[in-house]
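Presented below is the structure to which this report refers.
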Amino acid sequence: MSDRPQPITIEARPSQPRTPVVEISPEEIAMLVDRFYAEIRRHPRLGPLFEARLAGIWDMHLERMKRFWRSVLLHSGEYSGQPVAKHNALPDLREDDFMIWLEVFETTTDSLFDSQLSASILTVARRIARSLWLARFGTPFSQAPAWLS
Ligand code: HEM
């Protein structure tokens, strides 16, 4: 065998098939995100919380949230970000705000989709809300409230 360095070969694993979590199209996700944030912006409690961070950059937020939901529901892999750090940095966020968020989200999914699809999306949203809530408000001695489970 020669002393010359042997070429290194790296084999990539074949990518996993992308299985959608729920049966929903990218267009329906776009509709959900647009409709949800239109409601949020009108909401007397949550509207100002969002506006404080997103005034002037709403279009960017909506595009980011569409990527987020496509990644979550369709496993598209398009989203990268820091949701925990971003929510932990919101100064006026209160524990019950997550309940209001979920109520507005549920009203939106119910108005757009059949009950089965709406329930599946809501289950995923509640799971993420729970982990954001725990990251922000949880302690080793506290549990998430019942409305988050
Ligand atoms: C009361 C509850 C919530 C409030 C007030 C809130 C508010 C906000 C605000 C103001 C931002 C923009 C932050 C920034 O760009 O600095 C943001 C980003 C985001 N939110 Fe929420 N949010 C809430 C709950 C949720 C929930 C339940 C989810 C998921 C199911 C979620 C997902 C996200 C994501 C993915 C981002 C983008 C983070 C990034 O990558 O920059 N939020 N939220």
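The values are calculated or read from the model by the stated rules, or taken from the named source; none is laboratory data. Given the structure is predicted, the values throughout are model-derived calculations rather than measurements. Neighbour counts are summed over all protein chains in view; Cβ atoms, including those assigned to glycine, are modelled from backbone coordinates with ideal geometry.
A few points about this structure:
- Residue in the stretch 53-63 that is within 16 Å of F98 (Cα to Cα) and among the β-branched types (V, I, T) present: no
- Residue check, I40 more than 16 Å from W133 (Cβ to Cβ), surrounded by 13 or more Cβ atoms within 10 Å (Cβ to Cβ) and more than 10 Å from the ligand (Cβ to nearest atom): no
- Q116 falls short on exactly one of the conditions (1) of a type outside the set (D, E, K, R); (2) closer than 24 Å to T19 by Cβ; (3) surrounded by 11 or more Cβ atoms within 10 Å (Cβ to Cβ), and that condition is (3).
- Within the stretch 21-48, residues that are at pLDDT below 95 sit with their Cβ atoms under 7 Å from residues that are assigned to a loop (DSSP other than H, G, I, E, B), at 6+ positions apart or across chains, in these pairs: V21/H75.
- Out of A85, A144, one residue alone is surrounded by 14 or more Cβ atoms within 10 Å (Cβ to Cβ) and either under 17 Å from D34 (Cα atoms) or without any contact (Cβ under 8 Å) to a residue 40 or more places away in the chain (or both). It is A144.
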